Amino acid sequence: MPAYETAVGRFKAAIKMDGMADLIGLYGEMNQAGTTYGTSLEHGFDAMGGAPWELRERYVENSPFFYLDRIETPVLVVHGSEDSAVAPFLGDQIFAAASEARKRVSTRNTKAKATPRSIGPMRTNSTFATG
């Protein structure tokens, strides 16, 4: 989750278009064939330089999930429930944790195989719904 959600007073709202906010959770993600995606974090495009157990602090520092308590901007998390690139539970994780932290957050999950670019009805927490 980019820093703009924590920029107090700068934006009226933000949209998170997938749930990739927890690099430790992403590291262990597997598709139905058993291929792991997260291991590319060690040496891929967004390389962390090693495994989570070797570089725990780096994974935590670069995982917006651990900074959800700082959100000031209302956030809509949009995710495809059959997305094969980012596991849907990672979007649910953002919604659940931000709700628990009493932040204004909504979520919209669709049956799409990828994160949708258009959205319909959504689930909200009471903090967002009552504003």
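Derivation of every value follows stated rules applied to the coordinates shown; laboratory data play no part. None of the values given here were measured: they were computed from a predicted structure. Note that each Cβ is placed from the backbone with ideal geometry, even for glycine, and that neighbours are counted across all protein chains shown.
Laid out as a table, the results:
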item: Length added when fully stretched, R102-T35, from 0.36 nm per residue minus Cα-Cα; result: 20.6 nm
item: Amide H within-cut-off set for S106, under 5 Å, with H built and near neighbours excluded; result: V75, L76, V77
item: Loop-located trypsin sites (Lys or Arg not before Pro) in the range 9-95 whose Cβ has at most 15 other Cβ within 10 Å (DSSP); result: R10, K12
item: Chain lengthening between M17 and W53 when straightened (0.36 nm per residue, less Cα-Cα); result: 10.2 nm
item: Total charge dipole magnitude, the range 23-62, about the Cα centre, Cβ charges on Lys, Arg, Asp, Glu only, Debye to nearest 20; result: 60
item: Length released on extending from R10 to N62, taking residue separation times 0.36 nm less the Cα-Cα span; result: 16.5 nm
